[in-house]
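The values are calculated or read from the model by the stated rules, or taken from the named source; none is laboratory data. What you see is a predicted model, and the numbers here were worked out from it, not measured in a lab. Here the Cβ positions follow ideal geometry from the backbone for every residue, glycine too, while neighbour counts run over all protein chains shown.
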Amino acid sequence: MNDLSGLVVYTLLSQLLLAGLIGSLFQIRNAMENADVADFSFWTLVASIISIIPFTLHRTLYGAVLIH
């Protein structure tokens, strides 16, 4: 059970880090808009980061099942 609680803490920390990264991306987008740069590359970057989330959750849940 101790391993499982450590895994939950690790998962929460990694998701918080990801949320902070997405917040930083929105700040970058605002800077790009001020510089009149095309949004396409920014949204491609956001989509690629968001696509990582299900993989991270699946890997974490799979690890929790293995530990349990």
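Kindly establish whether L21 is at pLDDT below 70 and part of a helix (DSSP H, G or I). Spelling it out, it is not the case that L21 is at pLDDT below 70 and part of a helix (DSSP H, G or I). Whenever a residue of segment 2-21 is touching a residue at least 12 places away in the same chain (Cβ under 8 Å), its partners that are of a type in the set (S, T, N, Q) and surrounded by 12 or more Cβ atoms within 10 Å (Cβ to Cβ), lying with C-beta atoms within less than 7 angstrom and at least six residues away or across chains, give the pairs L7/T60; T11/T60; S14/T56.
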